[in-house]
Amino acid sequence: MPNTKICKNCGQKNEGNFCRHCGQVADTRRLTMRHIWIDLQNGIVNFDKGIFYTIKQLLTRPGHSIREYIEGKRVHHFKPLSFVVVLATIYGLLYHFLIPTSFDVNTVNSSDNLLGVYEKVINWSVDHFAYATLILIISSSVSSFLVFRKQGYNLAEHLVLNTYYRGLVMMISLLIFPVLYALHSAGNDSFKTFVPVFQLIDFVLLYWCYSQFFDKLTKIRSFLLTLLSFVLLNVFNMILALIAGLVANSVF
């Protein structure tokens, strides 16, 4: 007699390798780095309608839907890394062609001040937006893993959490992109001062997502831990940007 398994997506009993009710793989195990790598390969090849379901879930109930994905309800979702790569590529192309960076690395004497170092990092980030997003996902995952380590999720699961979260940020960024383009076209100084506003939006979205995902925490504790994770993330990013800038300065 074959073993009876409970589908983690729909809760129905099954005896085969796939759920006969929803089609999900019957043996849905805990996420590991190996699973994430396989999902990335499969997701790039199999671009299907799951992306629209994922967009809807992230825009309405991000933390809950990500937790459900990690717990096994995965059949309707678009794969996390593939999802972010697609959105980051679209946003990066729009930014590169419609809002070109005002920094020119060929006219900056980077040895005179740190500004040139950061300008080179900004240029690279704009030209390689998908890679920059992946680096940001890694630093976000390390930050949340350290801050929320008592909640019982492994690093791979934090990677999925922050990958989907970064996808949410990309969607919001695409929605407000016309505002950035309008400010840039008008030559308005508000374009430069929009960065703190975006940081605030980023934190609000992060708290919304984390408070739903870590639903066993009180709202106050969730807010404080999210704030700590956000600060730690920015410290990591500043260190990475400085290292990358110094390397770029020495090479170029």
>> Every residue in the range 129-174 that is in contact (Cβ under 8 Å) with a residue 60 or more places away in the chain, part of a helix (DSSP H, G or I) and not hydrophobic (A, V, I, L, M, F, W, C), please.
In response: S139, S140, S143, S144, Q151, E157, T163, Y164, Y165, R166, G167, S173
> So which residues in the range 203-235 are without any contact (Cβ under 8 Å) to a residue 40 or more places away in the chain and not in a helix (DSSP H, G or I)?
Replying inline: T218
>> For the range 170-210, give me the residue count where each residue is at pLDDT below 85 and of a type in the set (A, V, I, L, M).
In response: 7
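The values are calculated or read from the model by the stated rules, or taken from the named source; none is laboratory data. Just so it is clear, the model here is predicted, and its values are computed rather than measured. No Cβ is skipped: glycine too gets one built from the backbone with ideal geometry, and neighbour counts run over all protein chains shown.
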